[in-house]
Amino acid sequence: MRVMVMIKGTDAIEAGVQPSEALLRDMTAFNEELAAAGMMLAGEGLHPSSKGKRVVFGGRDTPIVVDGPFAETKELIAGFWIWQVKDMDEAVAWARRIPDTDKLHGEVEIRPILSIEDFDTITPEIVTREEALRDRIGSYGEA
């Protein structure tokens, strides 16, 4: 199963506090372990929300664009991974090992990624188109 592991934002991260060299070294070593285990499909840190935008739909005919920063720090994402795991227990075990050398992290959220099979309304035509798209863009993991 594929999961998205999201490091939630904190006031320090939103303020632009940079990680120490020690945290960068520890995080690189952790990412190398994930890669060696064949689990890490992707992963990146994100700039603070002050550099971001939101597109809000909310039933409107025309979505509106909102510039960051965004108020609820604990609801923001500071970074993410996509992992291939056998189950949620394995994901949790690895997440507990995420380096927090600088004590900047607040919490980590782990969410399963939907697969085509998870949709009741999927048609064979949509499956074919989705598989072709994944082949074209070189998508990771299972369909």
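Figures for the structure shown
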quantity: Residue selected from the stretch 52-83 under the condition assigned to a strand (DSSP E or B) and either among the acidic types (Asp, Glu) or touching a residue at least 40 places away in the same chain (Cβ under 8 Å) (or both), by the criterion surrounded by the fewest Cβ atoms within 10 Å (Cβ to Cβ); calculated: ASP67
quantity: Check on PHE57, within 15 Å of the chain's Cα centre (by Cα), in the same structural domain as THR28 (by TED's automatic domain parsing) and either among the small types (Gly, Ala, Ser) or over 19 Å from ASP11 (Cβ atoms) (or both); calculated: no
quantity: Residue match in the stretch 24-34 (condition: buried (at least 17 other Cβ atoms within 10 Å of the Cβ), touching a Leu at 6+ places or on another chain (Cβ under 9 Å) and not hydrophobic (A, V, I, L, M, F, W, C)); calculated: no
quantity: Top-ranked residue in the stretch 65-93 [being over 26 Å from GLU21 (Cα atoms) and of a type in the set (D, E, K, R); ranked as nearest to the chain's Cα centre (by Cα)]; calculated: GLU75
quantity: Residue match in the stretch 26-42 (condition: in a loop (DSSP other than H, G, I, E, B) and closer than 18 Å to MET6 by Cβ); calculated: yes
quantity: Test result for ARG96, within 19 Å of the chain's Cα centre (by Cα), over 30 Å from THR128 (Cβ atoms) and surrounded by fewer than 12 Cβ atoms within 10 Å (Cβ to Cβ); calculated: yes
quantity: From LYS103, LYS86, residue being assigned to a loop (DSSP other than H, G, I, E, B), at pLDDT 90 or above and either surrounded by fewer than 14 Cβ atoms within 10 Å (Cβ to Cβ) or touching a Cys at 6+ places or on another chain (Cβ under 8 Å) (or both); calculated: LYS86
quantity: Failed item, numbered, when THR121 is tested on (1) farther than 23 Å from ALA22 by Cα; (2) in contact with a strand residue (DSSP E or B) (Cβ under 7 Å, 6 or more places away or on another chain); (3) loosely packed, with under 12 Cβ neighbours inside 10 Å; calculated: (2)
quantity: Pairs where the first residue, in the stretch 85-106, is more than 22 Å from LYS74 (Cα to Cα) and the second is aromatic (Phe, Trp, Tyr), C-beta under 9 Å, 6+ apart; calculated: VAL85/TRP94; GLU90/TRP83
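The values are calculated or read from the model by the stated rules, or taken from the named source; none is laboratory data. Quick caveat: nothing in here was measured; it's all calculated off a predicted structure. Reconstructed Cβ throughout: ideal geometry from the backbone, glycine too, with neighbour counts over all protein chains shown.
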